[in-house]
Amino acid sequence: MRNFKNKVVVVTGAAGGLGKAICRRFAKAGAQIAATDMIPDQVEALEKELKGAGVPCKGYVLDVTDEDACWKVMESVVKDMGRIDVLVNNAGITHRSAFQETRTAVYRKVMDVNFFGSLYCTKAAIDQLIKNKGAITVISSVAGVSPLLGRTGYSASKHALHGLFGSLRSEMSDKGVDVTIVCPGFTKTNIDKAALDFDGKPTKNPQSTVGKIATPQETAQEVFFATARQKPLAVLSMVGKLSWIIHRLHPPLFERIMTNSVKHELEHD
């Protein structure tokens, strides 16, 4: 297992529920935390909270869709903290809307955050990660390994992450850099409360859930151990594992089950 004591761990989307939990879990293992998010007040509050708990931490305001900003922040992390050992690409956004109705701007927004945000941050940090034989962890979703009705853009962005980082893993295999993709199941965070509708505004359609809803702390624990154990892929939760297996073995069966479970999300008043 990797030892994170005194290592510098960069977490994107750090001010959200899962992001905070990931920061705390790596800090518990002795890591120094570079916490990035796009809302200044939340970044400041998180830095204050972690420092108050004795965690070496510095917060950085970052919109991951801004490529130049990603480079500047990674350069600042190295200047301020000396190195980058782990990058956790956690920043994300989702939508719940039917393809026929959804504006293409929504797809661009979801891809910009989920896919290009991870690409930009990784590109900006890769030299440090190679130098320090570090690790890249990508927060994907069960929607990244199977279809999900009403989230065509979200699922596409997560599938794209698997293509990018699965291929990058092959390139990094002789450079000592681990690439881990984690697919959480349903987790109690704010990402679904901020889900976009077909027009890019927050959706009023409630999210469907199946099975046990994990806490951010439970999911962060799994993210930590997947990274520490250098796992290529970690599909979390019983529902997630079953979805992945059923879709691989019998795609039509999975699609029927999944569609019946979530189709009411797209119903309008």
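Rounded to a whole number, what is D in µm²/s for segment 97-150 from Stokes-Einstein with the Kirkwood radius over alpha-carbon pairs (10 °C, 1.306 mPa s)?
Diffusion coefficient, whole number: 118 µm²/s.
Taking only Cα atoms of the chain, what ratio of Rg to Rh do you get with Rh as the Kirkwood inverse-distance radius? All intermediate terms of the calculation are to be shown ahead of the outcome.
Details: Rg = 17.9 Å, Rh = 18.7 Å.
Reported Rg/Rh, Kirkwood definition of Rh: 0.96.
Between Gln230, Phe165, Gly17, whose Cα lies farthest towards the positive end of the dipole of the chain when Lys and Arg beta carbons carry +1 and Asp and Glu beta carbons carry -1, centred on the Cα centre?
The Cα lying farthest towards the positive end belongs to Gln230.
Among DSSP beta bridges lying fully in the chain, give the percent that are antiparallel, nearest 5.
Values: 1 of 27 bridges.
Once the DSSP bridges in the chain are tallied, antiparallel ones form about 5 percent.
Under a 5 Å amide H to amide H cut-off, with H placed in plane at 1.01 Å, what residues pair with Thr180 once short-range neighbours are removed?
For Thr180, whose amide H was placed from the backbone, the distant partners under 5 Å are Ile136, Thr137, Val138.
In square nanometres, what is the average projected area of the Cα convex hull of segment 37-90?
Across all orientations, segment 37-90 yields a mean hull projection of 3.9 nm².
Using the Cα centre as the reference, give the magnitude of the dipole from point charges on the C-beta atoms of segment 39-78 (Lys, Arg: +1; Asp, Glu: -1; all else neutral), rounded to the nearest 20 debye.
With Lys and Arg at +1 and Asp and Glu at -1, about 300 debye.
About the Cα centre, and with charges only on the beta carbon of Lys, Arg (+1) and Asp, Glu (-1), how big is the dipole of segment 1-95? Nearest 20 debye, please.
The dipole of segment 1-95 has a size of about 720 debye.
Provide Rg and Dmax in Å for segment 1-110, with only Cα atoms included in the calculation.
15.4, 50
Enter the angle in degrees (range 0 to 90, nearest 10) between the Cα long axis of helix 117-131 and the first principal axis of the Cα atoms of the chain, meaning the one along which they spread out most.
30
Computed from the mean reciprocal separation of all distinct C-alpha pairs, what Kirkwood hydrodynamic radius does segment 50-145 have, in Å? The partial results should precede the final answer.
Details: mean 1/r = 0.0668 Å⁻¹.
It works out to 15.0 Å.
If you count, for each residue, the other Cβ atoms within 10 Å and average over each peptide, how do 158-170, 53-65 line up from highest to lowest?
So the order, starting with the most tightly packed, is 53-65, 158-170.
For the chain, give the magnitude of the charge dipole about the Cα centre (Cβ charges: +1 Lys/Arg, -1 Asp/Glu; no others), in debye to the nearest 20.
Here the size comes out at about 900 debye.
So what's the projected area for segment 210-261, the Cα convex hull averaged over all directions, in nm²?
Hull-based average projected area comes out at 4.1 nm².
Taking each pair of different alpha-carbon atoms in segment 124-260 once, compute 1/r for the pair, average those values, and report the inverse of that mean as the Kirkwood hydrodynamic radius in Å to one decimal.
16.2
Lys/Arg Cβ at +1, Asp/Glu Cβ at -1, dipole of the chain taken about the Cα centre: which of Val64, Ala91, Thr180 is farthest positive-ward?
Sorting the options by dipole projection puts first Thr180.
Past the 16 angstrom mark, what percentage of all C-alpha to C-alpha distances in segment 12-69 do you count?
34
Computed from the coordinates by the stated procedures, all read-outs in this text should not be read as laboratory data. Note that the structure is predicted; figures quoted are calculated from it, not measured. Note that each Cβ is placed from the backbone with ideal geometry, even for glycine, and that neighbours are counted across all protein chains shown.
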